[in-house]
Amino acid sequence: MKVFPRGGVVAVEDISFDVRQGEFISLVGPSGCGKSTILRLVAGLIGKSSGSLHVHGSEVLGPRQDLAMMFQRPILLPWKTAIENVTLPVRIKGRVDEVTLKEARGLLGFLGLEQFHHAYPQHLSGGMQQRVALARLLITGNELLLMDEPFAALDEFTRERLTLELLRIQSRINATVMFVTHSIIEAVFLADRVLVMTPLPGRLAGIVEVPLERPRTIDLMRTPEFNDLVFKVRGMLGEHA
Amino acid sequence: MRSEGVASEAGSPRDVEPADPVGAITKRVTAAIPSFIVAVIVIGGWEAAARAELVNRLIVPAPTKIFSAFVELFSSGLVWEHLRATVFATTAGFALGSGAAFIIGVLCSFWRPFRKVVEPYMITLQVTPRVALAPLFVTWLGFGLSPKIVMAATICFFPVFVNTLTGLLTTDEEALEMLRSMGATKRQTFTQFTLPSALPIIFAGLKTAMTLALIGALVAEFVGTSQGLGLLIDRFTFRLAMEESFAVLLTLALLGLFLYGLMEWLDRRVVYWTHEERLSRREMRSRLRSGRERR
């Protein structure tokens, strides 16, 4: 996949990078640096004023079906149960059959929600709601996942747990992930490469390779290699950090 | 990872399952006691005042007298044709007015130029006291049902229109973006998301509209009709038959309560996700159903 968005004056400009299949990319930077804009450009939700952008070898011209997106808020439909929310993307494309339901049950179980298939979102905690959203993302079967600060609104403990689960899922299905965050530590911990962005206008300050081995555990954060990378990213952000 | 204390996270469905039904009924009865006591004091005081002739019987009759007039009204069968006429005018007017309001509201939400054209007329119609239209409707449409239906429809149009439009236009932008990223068509976005999101506020409008429809029908009946509770009350007061007038008033209050209760009942079933007890019940039911299916 190659992504070369060159935005207008307002959002982002002079940004050029490509993402390999199965790679985990973090986009980190302060608010207003255009990291969410880039995700929306890749998803085809907004148009670019100039430049070129390709996903899976084809130019991005509108909303795409070969990728799936997750947001900071879970955005679950309050009139649907957890399992109905998970199967929403399938229902939009066609019919929800027994195979889909089985898959949805499997995903909810995998994310520790086997007791909550029929719970309505109002009866789930913030962390559980975001797990349902994660299952809804995964049921699409797409291997390109765009995640816009998906854990930013969660408490520290839930956030850490979901971060580890995301890594486990990513390695299992060999997904390509573009993960937007404003946490440098989270960015480095998750990614193979970190795209560091600075605001006004949104620019790519640099790309940091993260050659740390996988599977990654929380202990990794204590290593000097990890901290060097964190400070390297921080340094690139300069006065914006 | 699987066994990490999920159950310890807040909001376990077990917390929200309704308590035993007998306990729930007891609770509701207990909650109703204060207003019941107030009713006893007010009605008792009123009765005493009327019997002691502290108030003129011709102005305010005693509650017991009103009650027997009420019983008489129904047992003689006099009330039925009038009740039927008013109920029909109210419900038909409600259906017509709120139906039209819903459709126009939906069109306005979809098509901005249409909204720009329609909105000023809607507002003008709203700020004009539509009660003043009643004599016109009767002049145009006669003493039958139609002026009442039209009056009821006109008066209940606005709350449904405004609430439909507001509900459909104030949807979550990020959710719309999510649906777009899933490749939802316009129609799917409307049926799967925009309309259900707007339903709670649309129902709030419908509840107001139902009570307004009754007012509309009555106003038209006061102006001139051959049948209806409005006519009945007019006739009784003209003859200074106050007990009967109050009996009709009581009938109207009960009718209003019934119609409002009907809307509440519908609201709890259609917009179940804003009513905790309905939500828990549905949750339990679907869990039972899937348990059976998988066995």
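The values are calculated or read from the model by the stated rules, or taken from the named source; none is laboratory data. Every value quoted in this text rests on a predicted model; they were computed, and no experiment measured them. Positions of Cβ are backbone-derived with ideal geometry, glycine not excepted, and every protein chain shown enters the neighbour counts. Note: areas computed on protein heavy atoms with side chains; ligands, DNA, RNA excluded. Shrake-Rupley method; radii C 1.70, N 1.55, O 1.52, S 1.80 Å.
Do we find a residue being surrounded by fewer than 22 Cβ atoms within 10 Å (Cβ to Cβ) and away from chain A (no Cβ under 14 Å) anywhere in region B:178-190?
No: zero hits.
Of all residues in region B:262-286, which are farther than 22 Å from B:LYS207 by Cβ, touching a residue at least 60 places away in the same chain (Cβ under 8 Å) and open to solvent by 60 Å² or more (accessible area, probe 1.4 Å)?
The one that is farther than 22 Å from B:LYS207 by Cβ, touching a residue at least 60 places away in the same chain (Cβ under 8 Å) and open to solvent by 60 Å² or more (accessible area, probe 1.4 Å): B:MET284.
Looking at B:ILE215, B:ILE202, which one is of a type in the set (A, V, I, L, M, F, W, C), surrounded by fewer than 20 Cβ atoms within 10 Å (Cβ to Cβ) and within 16 Å of B:PRO159 (Cα to Cα)?
B:ILE215
For region B:161-176, how many residues meet the condition of being buried (at least 18 other Cβ atoms within 10 Å of the Cβ) and within 10 Å of chain A (Cβ to nearest Cβ)?
1
Quick one: A:HIS118 ticks every box in (1) farther than 21 Å from B:THR274 by Cα; (2) part of a loop (DSSP other than H, G, I, E, B) except a single one, so which number is it?
(1)
Answer yes or no: is there a residue in region A:202-211 that is touching a residue at least 60 places away in the same chain (Cβ under 8 Å), under 14 Å from A:ILE185 (Cβ atoms) and under 21 Å from the mean Cα position of the chain (by Cα).
No - not one qualifying residue is present in region A:202-211.
Is it the case, given these coordinates, that B:LEU176 is modelled with pLDDT of 90 or more, out of contact with any helix residue (DSSP H, G or I) (no Cβ under 6 Å at 6 or more places or on another chain) and not in a loop (DSSP other than H, G, I, E, B)?
Here the answer is yes, as B:LEU176 does meet what is asked.
The conditions are (1) open to solvent by less than 30 Å² (accessible area, probe 1.4 Å); (2) closer than 20 Å to B:LEU212 by Cα, and B:VAL118 fails exactly one of them. Which is it?
Here B:VAL118 meets the rest and fails (2).
Could you go through region B:142-160 and let me know if any residue there is charged (D, E, K, R), touching a residue at least 12 places away in the same chain (Cβ under 8 Å), crowded, with 19+ Cβ neighbours inside 10 Å and in a helix (DSSP H, G or I).
yes
Name the single residue, out of those in region A:140-155 being of a type outside the set (D, E, K, R) and open to solvent by 10 Å² or more (accessible area, probe 1.4 Å), that is nearest to the other protein chains (Cβ to nearest Cβ).
This residue is A:THR140.
A:THR158: open to solvent by 10 Å² or more (accessible area, probe 1.4 Å), of a type in the set (Ser, Thr, Tyr) and more than 23 Å from A:MET221 (Cα to Cα), yes or no?
No: the conditions fail for A:THR158.
A quick yes/no check of all residues on (1) within 23 Å of the chain's Cα centre (by Cα); (2) not hydrophobic (A, V, I, L, M, F, W, C); (3) not in a helix (DSSP H, G or I):
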{"site": "B:LEU168", "(1), (2), (3)": "yes, no, no"}
{"site": "B:GLN188", "(1), (2), (3)": "no, yes, no"}
{"site": "B:ALA198", "(1), (2), (3)": "yes, no, no"}
{"site": "B:GLY216", "(1), (2), (3)": "yes, yes, no"}
{"site": "B:THR225", "(1), (2), (3)": "no, yes, yes"}
{"site": "B:LEU232", "(1), (2), (3)": "no, no, no"}
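Quick check on this structure: which one of A:ARG193, A:ARG136 is more than 14 Å from chain B (Cβ to nearest Cβ) and of a type in the set (Lys, Arg)?
Only one candidate qualifies: A:ARG193.
Can you tell me which residue is least open to solvent (accessible area, probe 1.4 Å) among those in region A:29-79 that are part of a strand (DSSP E or B) and without any contact (Cβ under 8 Å) to a residue 40 or more places away in the chain?
Per the stated criteria, the residue is A:SER58.
Which of the residues belonging to region A:168-206 are open to solvent by 10 Å² or more (accessible area, probe 1.4 Å), closer than 17 Å to A:SER36 by Cβ and at pLDDT below 85?
Hits for region A:168-206 are A:THR198, A:PRO199, A:LEU200, A:PRO201, A:ARG203, A:LEU204, A:ALA205.
Residues of region A:80-115 being more than 9 Å from chain B (Cβ to nearest Cβ), at pLDDT 90 or above and assigned to a loop (DSSP other than H, G, I, E, B), which ones?
A:THR87 - this is the single residue of region A:80-115 that is more than 9 Å from chain B (Cβ to nearest Cβ), at pLDDT 90 or above and assigned to a loop (DSSP other than H, G, I, E, B).
Can you tell me which condition B:THR139 does not meet? The list is (1) open to solvent by 70 Å² or more (accessible area, probe 1.4 Å); (2) at pLDDT below 90; (3) out of contact with any helix residue (DSSP H, G or I) (no Cβ under 9 Å at 6 or more places or on another chain), and all the others hold.
(3)
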